[in-house]
Amino acid sequence: DLLDEAGLGKDGLRLHRSTFEVRALLDEVVATFGLLTAERGIALSAHGPRELYVSGDRARLLRVLENLVNNAVLHVRAGGKIALESRQLGDGLELSVRDDGVGIDERDVPFVFDRAWQGRSGRARGAGLGLFIARGVVEAHGGEIHVERGRRAGATFTFVLPGVLRPQPATLPLGPAAPS
């Protein structure tokens, strides 16, 4: 994370772009956190269409999602839920991590993506760099990230990336060529 942070301050992050299926990325995050969430009695799920592709740095976007899910796990009680969702939004891709945890103090919302920010609640752990780095990675992809507090509890972190790709249908031969 510190190396990523250092890259954010200078020339920006160098992205290693590839084209990948978004739902497979979400499923990988669910698999990574499956045991931990099961042990804590938290339901973790992924929702979104298959065959939706994006061009980006898969490893860095995976780390963004893992960071958001890890933060949610820290703030969701047993019996709670965390949902990863993806959907096409015009020519872009919207990814979100929604939880029904204890939520974010309203006064903290404007600062959650700031470097080294620790919330007022006293529940914060770590160096306070995860959301700062997440914002840097999303912005390096030409996207935006934001957070919304739940009406009663929880939070939803959403980021939008440009450039959704759908696979082109395979071109099938129409049959033997007619003699000319």
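HIS47's amide H: which non-local residues (gap 5+, or another chain) put their own amide H closer than 5 Å, with H modeled 1.01 Å from N in plane and none for Pro or chain starts?
LEU84, GLU85, SER86
Might you tell me the accessible area per residue for the stretch 23-73, computed with a 1.4 Å probe and given in Å²?
For the stretch 23-73, the solvent-accessible area averages 42 Å² per residue.
Taking a virtual spin label 7 Å from the Cα of HIS16 along the C-beta vector, which residues in the stretch 38-66 bring their backbone nitrogen under 14 Å of it?
Within reach of a label on HIS16, which here means backbone N under 14 Å from a point 7 Å along Cα→Cβ, the stretch 38-66 contributes 56-63.
For GLU106 and ARG87, compute 0.36 nm times the residue count separating them, minus their Cα-Cα distance, and round to one decimal in nm.
So the chain would gain 4.1 nm between GLU106 and ARG87.
Largest first, what is the accessible-area ranking of HIS16, HIS146, HIS75 with a 1.4 Å probe?
Ranking HIS16, HIS146, HIS75 by accessible area, largest first, yields HIS16, HIS146, HIS75.
Grab every C-alpha pair in the stretch 40-161, bin the distances at 5 angstrom width from 0 up to the longest one, and report whole percents.
Each 5 Å bin holds this share of Cα pairs: 2, 11, 21, 25, 20, 13, 6, 1, 0.
The values are calculated or read from the model by the stated rules, or taken from the named source; none is laboratory data. Source: prediction; values computed, not measured. All Cβ positions, even for glycine, are placed from backbone atoms using ideal geometry, and neighbour counts span all protein chains on display. Ligands, DNA and RNA are excluded from the accessible area calculation, which covers all protein heavy atoms including side chains. Shrake-Rupley method; radii C 1.70, N 1.55, O 1.52, S 1.80 Å.
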